[in-house]
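Contents: one structure, followed by commentary.
The values are calculated or read from the model by the stated rules, or taken from the named source; none is laboratory data. Worth saying up front: this structure is predicted, and the values here are computed from it rather than measured. Here Cβ is always computed from backbone atoms with ideal geometry, including for glycine, and neighbour counts include all displayed protein chains.
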Amino acid sequence: MIAPVDPDRDHVPDLKSVDSLMDVLALSFLGIMSNVLDFRTYRYPERAADEPLTDDENELMKAYDLNAMNRMERTLCMYVRAMGWKIQEWVKRHYALENADGEPGNLDSFIMGRGYNAHMICAILQYKLQADLQKVKGAPGCTYERLKSQIDRVVIPNSILGREVEMRLRSKDHTLNMDQDVRGLKLNLYSAPVKPKNSLSTKELIAMGESVADDDYRAGVEGNFKLPRSPDFGIGFTWDLRFVLMFFSLFRARGRPSYLHEEA
């Protein structure tokens, strides 16, 4: 806890109201989406913003999340992302919502499920979609498809939050407003925060903040960012091994008898 006389106290949100909760959630969300909202994520290394990319360069960005961020900058994003998740978990452990009727609200759903995070992600995507349709220039290389792909690498599509985002995107409620209606809601402290006995180390936080994009990038580093292709067979084309493997995995799933998919 911060002492009342500490000069930094005025810069720390005081969680005594829903408005202060929204400030904390905004800060944590920016941390979670730090790489998604960084323009360097959508640029190729050492390339001018308006310089066109080759097909291979576009494929490297897609396959290995290769971009204009260096390894240290990516590591910092992982650390900040973990801190964002931890802040939200901390809030859920120590605070509770109360609606206008005095009944308890679901703070976990308010943040992770049907609430804040999903609302913000959808607002960002809808804003980018409208900007693309109106041909409003944004960060070089940042299209709606690439933005959505980056978000999917941070928020797993099949997770609770990911499914909520997909459901909202399929609905007709395409808001561009990042504000949320919190009228009547109250925030109550129900478990006094205490200093943890075993805080996570920096290394542990970095590992916690790793995303699918970071896994892809690591695979690229290990393979020296080489696209996995087979040799040219001398008949005018080269097979991409990833598509070959994808084809056979689909063939195996669809070609087996149905009883092989059933649980014993």
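Please go through the range 1-21 and give me each residue that is at pLDDT 70 or above, loosely packed, with under 10 Cβ neighbours inside 10 Å and either part of a loop (DSSP other than H, G, I, E, B) or in contact with a Leu (Cβ under 9 Å, 6 or more places away or on another chain) (or both), ordered by number.
Passing the criteria: only Val5.
So, of the residues in the range 43-61 that are part of a helix (DSSP H, G or I) and free of Cβ contacts under 8 Å to residues at least 12 places away in the same chain, which turns out to be nearest to the chain's Cα centre (by Cα)? First the steps, then the outcome.
First, pick out the residues of the range 43-61 that are part of a helix (DSSP H, G or I): 55-61.
If we keep only those that are free of Cβ contacts under 8 Å to residues at least 12 places away in the same chain too, we end up with 55, 58.
On the way: Asp55: 26, Asn58: 21 Å.
Taking the candidates together, the pick is Asn58.
Going by the structure shown, is Arg81 surrounded by 15 or more Cβ atoms within 10 Å (Cβ to Cβ), in a helix (DSSP H, G or I) and among the charged types (D, E, K, R)?
Numbers: surrounded by 15 or more Cβ atoms within 10 Å (Cβ to Cβ): yes; in a helix (DSSP H, G or I): yes; among the charged types (D, E, K, R): yes.
For Arg81, the condition - surrounded by 15 or more Cβ atoms within 10 Å (Cβ to Cβ), in a helix (DSSP H, G or I) and among the charged types (D, E, K, R) - is met.
Looking for something surrounded by 15 or more Cβ atoms within 10 Å (Cβ to Cβ), farther than 25 Å from Val212 by Cβ, out of contact with any strand residue (DSSP E or B) (no Cβ under 6 Å at 6 or more places or on another chain) and in the same structural domain as Ser34 (by TED's automatic domain parsing) - is there at least one such residue anywhere in the range 160-183?
Checked against the condition, which is being surrounded by 15 or more Cβ atoms within 10 Å (Cβ to Cβ), farther than 25 Å from Val212 by Cβ, out of contact with any strand residue (DSSP E or B) (no Cβ under 6 Å at 6 or more places or on another chain) and in the same structural domain as Ser34 (by TED's automatic domain parsing), the range 160-183 yields at least one hit.
When you go through Tyr64, Tyr95 one by one, which is the residue that is surrounded by 13 or more Cβ atoms within 10 Å (Cβ to Cβ) and under 17 Å from the mean Cα position of the chain (by Cα)? Break it down into steps so the answer makes sense when it comes.
Values: Tyr95 fails: under 17 Å from the mean Cα position of the chain (by Cα).
Criteria check complete, one pass: Tyr64.
So is Gly209 surrounded by 17 or more Cβ atoms within 10 Å (Cβ to Cβ), under 18 Å from Glu89 (Cβ atoms) and free of Cβ contacts under 8 Å to residues at least 12 places away in the same chain or not?
Working: surrounded by 17 or more Cβ atoms within 10 Å (Cβ to Cβ): yes; under 18 Å from Glu89 (Cβ atoms): yes; free of Cβ contacts under 8 Å to residues at least 12 places away in the same chain: no.
Considered against the rule, which asks whether it is surrounded by 17 or more Cβ atoms within 10 Å (Cβ to Cβ), under 18 Å from Glu89 (Cβ atoms) and free of Cβ contacts under 8 Å to residues at least 12 places away in the same chain, Gly209 comes out as no.
Would you please list the contacts, defined by Cβ atoms under 8 Å and residues six or more apart or on different chains, that run from a residue in the range 12-39 that is closer than 12 Å to Val182 by Cβ to a residue that is among the acidic types (Asp, Glu) and not in a helix (DSSP H, G or I)?
These pairs meet every condition: Ser20/Asp14.
I need the full set of residues from the range 84-100 which are assigned to a helix (DSSP H, G or I) and either touching a Pro at 6+ places or on another chain (Cβ under 8 Å) or more than 14 Å from Glu204 (Cβ to Cβ) (or both), in order please. Reasoning before the result, please.
First pass over the range 84-100, keeping only residues assigned to a helix (DSSP H, G or I): 84-94.
Gly84, Ile87, Gln88, Glu89, Trp90, Val91, Lys92, Arg93, His94 - these are the residues of the range 84-100 that are assigned to a helix (DSSP H, G or I) and either touching a Pro at 6+ places or on another chain (Cβ under 8 Å) or more than 14 Å from Glu204 (Cβ to Cβ) (or both).
Among the residues of the range 125-144, are any under 19 Å from the mean Cα position of the chain (by Cα) and of a type in the set (D, E, K, R)? So that I can check it myself, show each step before the final result.
First pass over the range 125-144, keeping only residues under 19 Å from the mean Cα position of the chain (by Cα): 125-129, 139, 141-144.
Checking the rest, the ones that are also of a type in the set (D, E, K, R) come to 128.
Yes, because at least one residue in the range 125-144 is under 19 Å from the mean Cα position of the chain (by Cα) and of a type in the set (D, E, K, R).
Just name the residue that is nearest to Arg81 (Cα to Cα) out of those in the range 165-205 that are in contact (Cβ under 8 Å) with a residue 12 or more places away in the chain and of a type in the set (S, T, N, Q).
Among those residues, the one meeting the criterion is Thr202.
Can you tell me how many residues in the range 106-133 are under 15 Å from Phe29 (Cα atoms), touching a helix residue (DSSP H, G or I) at 6+ places or on another chain (Cβ under 7 Å) and either part of a helix (DSSP H, G or I) or not assigned by TED's automatic domain parsing to the domain that holds Gly162 (or both)?
Summing the residues that are under 15 Å from Phe29 (Cα atoms), touching a helix residue (DSSP H, G or I) at 6+ places or on another chain (Cβ under 7 Å) and either part of a helix (DSSP H, G or I) or not assigned by TED's automatic domain parsing to the domain that holds Gly162 (or both) in the range 106-133 gives 10.
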